[in-house]
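Throughout, read-outs are computed from the coordinates displayed, never taken from laboratory work. Here the structure is a predicted model, which is why all the values come from computation and not from measurement. When we count neighbours, we look across all protein chains shown, and the Cβ atoms used for this are built from the backbone with ideal geometry, even at glycine.
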Amino acid sequence: MSTVLTFLVDPNRLSRDGIGRIFADTPYSVSGEGQGLEDLLNQNQPQDNGPELVLADIGTLGNEVYSRISGLRSALPNARIVVLVSRQDVHRVIECFSAGVEGCIMKDISSAALIEKLDLVMLGERVFPSEVLSMLMRDSVPVWEGKPSAAFSEAGLSDRETQILRCLVSGSANKVIANRLGVTEATVKVHLKSILRKIKAQNRTQAAIWALNQGLVEEDASQRQHA
């Protein structure tokens, strides 16, 4: 992967310095940093090339997550946006994805895992923390209007589609799913479109939450239960 110009947005200088050190010897190069989104927007105009990746702390979005992400998207249409979140930010994670971010990453993951997830984002994947899916189930957090449309049998999902849903619950990207199931990424994408249509979900995040609502567990947990 070539160098990825990255802008860091975090009110904590120590946190920004720490991420900068994590980025050493990786493709990610800090091209700018600031305490808030205003710093980012003041330093980068739409006519500029701007950063390729914006890594922002959830706290910098304030109480208007959707409008602030939408404004950032308009100002920097070519940048991928990733938000760092904590376990207390469940509701706001959903808002972030509704606004169109490419990823939300938990702050308590390892440095290596952070780089791996950013790599997935730069490959075109959307990264959603699987830990939050479990928290959504535990707290019964509503993510869209109405209830899931049908159970698995009523939805008419094939065995392969159910396998893919199980992978989504574990937070796997398309490439990982393809390798695990021995198919191409194109095949995974075709199945995903079919799944979304059958269960009336708008994206893979909603599909994963729908699956959890129907009692489907992630693949590793399923294997442990039958061990």
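Rounded to the nearest 0.05, what FRET efficiency do GLU185 and GLU116 have when you use their Cβ-Cβ distance and R0 = 22 Å?
0.80
Given labels modelled 7 Å from the Cα in the Cβ direction, how far is it in nm from GLU64 to ARG160?
About 4.7 nm separates the two model spin labels.
Put a dot 7 Å past each Cα toward the Cβ at LYS175 and LEU41; how far apart are the dots in nm?
3.4
For the range 76-128 and the range 170-195, write down the distance between their C-alpha centroids in whole Å.
Measuring centre to centre over Cα atoms gives 20 Å.
Would you list, by chain and number, the lysines whose Cα falls below 18 Å from the Cα of LYS189, excluding same-chain residues fewer than 8 positions away?
List returned: LYS175, LYS198, LYS200.
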